[in-house]
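Just below is one structure, and these are the notes that go with it.
The values are calculated or read from the model by the stated rules, or taken from the named source; none is laboratory data. Keep in mind the model is a prediction, meaning the values are calculated, not measured. Note that each Cβ is placed from the backbone with ideal geometry, even for glycine, and that neighbours are counted across all protein chains shown. Each accessible area value is taken on the protein alone, full model and side chains, heavy atoms only, with ligands, DNA and RNA left out. Shrake-Rupley method; radii C 1.70, N 1.55, O 1.52, S 1.80 Å.
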Amino acid sequence: MARQGLAAEFLQVPVVTRAYTAACVLTTAAVQLELLSPFQLYFNPHLVFRKLQVWRLVTNFLFFGPLGFSFFFNMLFVFRYCRMLEEGSFRGRTADFVFMFLFGGILMTLLGFLGSLFFLGQALTAMLVYVWSRRSPQMRVNFFGLLTFQAPFLPWALMGFSMLLGNSILVDLLGIAVGHIYYFLEDVFPNQPGGKRLLLTPSFLKLLLDAPEEDTNYLPLPEEQPGPLQQ
């Protein structure tokens, strides 16, 4: 019964958060069981473009290291802030949320190549946290019961804690930088004099992922209207 309740609870999680979290957990489990090796997952431009191992463009975002405190720490932040974004500012806008992932992933891959970064999941986490924090500036955050501060300080606290765990802050800085670029282009620049939205979600994504919008001018047929059918 407990297992069924947990499964039902997980199925209530928004689809993008559910899919990304599950992919990260399954990838880590596969490495832990030695079904996969991290050497098959990391980002390597030579193997991607010369050997056509294109899956590395995705798998480098799914592996957060072996099971341990660092992994659970990252999964906690991925699940929490990805879900809060998807249920908050991206509610009913699944295509826009997926497009944010694509935009961030492509930009991180390009910049990560310049910085010789091999795994970018932590950078993606930092981007999600940064965008959420900028869209919730008045929210107060309790950081593991140790500190309480305004949401915009959270990405920097996360980076400091990541550094204490022995991780490179370069990855966190990359995620914060990409998150700021997205936030500026999506939330700041369109509201400036002469500004406009530059990040337009492709229509095929909207068609694929979003529920069709109802036509306000549509008049239902008599048999579609509520109440007894008039013959």
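Would you mind listing the helices (runs of 4 or more DSSP H) fully within segment 8-115 where at least 3 residues are open to solvent by 20 Å² or more (accessible area, probe 1.4 Å) and closer than 22 Å to residue 204 by Cβ? Give the derivation first.
Details: elements: 15-32, 45-49, 56-59, 69-87, 94-114.
Answer list for segment 8-115: 15-32, 94-114.
Here are some conditions: (1) over 17 Å from the mean Cα position of the chain (by Cα); (2) closer than 26 Å to residue 39 by Cα; (3) in a helix (DSSP H, G or I). Residue 161 meets all but one. Which one does it not meet?
All conditions are met except number (2).
Out of (1) in contact (Cβ under 8 Å) with a residue 60 or more places away in the chain; (2) small (Gly, Ala, Ser); (3) farther than 14 Å from residue 78 by Cβ, what's the single condition that is false for residue 104?
Unmet for residue 104, out of (1) in contact (Cβ under 8 Å) with a residue 60 or more places away in the chain; (2) small (Gly, Ala, Ser); (3) farther than 14 Å from residue 78 by Cβ: (3).
Pairs only if they're at least six apart or on different chains, beta carbon under 6 angstrom, first in segment 131-157 and of a type in the set (Lys, Arg), second modelled with pLDDT of 90 or more; list them, first residue then second.
Once the first residue is of a type in the set (Lys, Arg) and sits in segment 131-157, its partners that are modelled with pLDDT of 90 or more give 134/183; 135/89.
Look through 190, 155 and report the one residue that is assigned to a helix (DSSP H, G or I) and under 21 Å from residue 74 (Cα atoms).
On the way: 190 fails: under 21 Å from residue 74 (Cα atoms).
Just one listed residue meets the conditions, 155.
Within the group 164, 199, 114, which residue is at pLDDT 90 or above, at negative phi and not basic (Lys, Arg)?
None of the other options fit; the residue is 199.
Taking segment 164-207, which residues are within 18 Å of the chain's Cα centre (by Cα), of a type in the set (A, V, I, L, M, F, W, C) and either closer than 17 Å to residue 127 by Cβ or open to solvent by less than 30 Å² (accessible area, probe 1.4 Å) (or both)?
Matches in segment 164-207: 171, 173, 174, 176, 177, 178, 181, 184, 185, 199, 205.
May I ask you to verify whether residue 61 is in contact (Cβ under 8 Å) with a residue 40 or more places away in the chain and over 13 Å from the mean Cα position of the chain (by Cα)?
Judged against the criteria, residue 61 is not a match.
Is there a residue in segment 137-157 that is more than 16 Å from the chain's Cα centre (by Cα), among the β-branched types (Val, Ile, Thr) and surrounded by 14 or more Cβ atoms within 10 Å (Cβ to Cβ)?
Looking for residues that are more than 16 Å from the chain's Cα centre (by Cα), among the β-branched types (Val, Ile, Thr) and surrounded by 14 or more Cβ atoms within 10 Å (Cβ to Cβ), one finds at least one in segment 137-157, hence yes.
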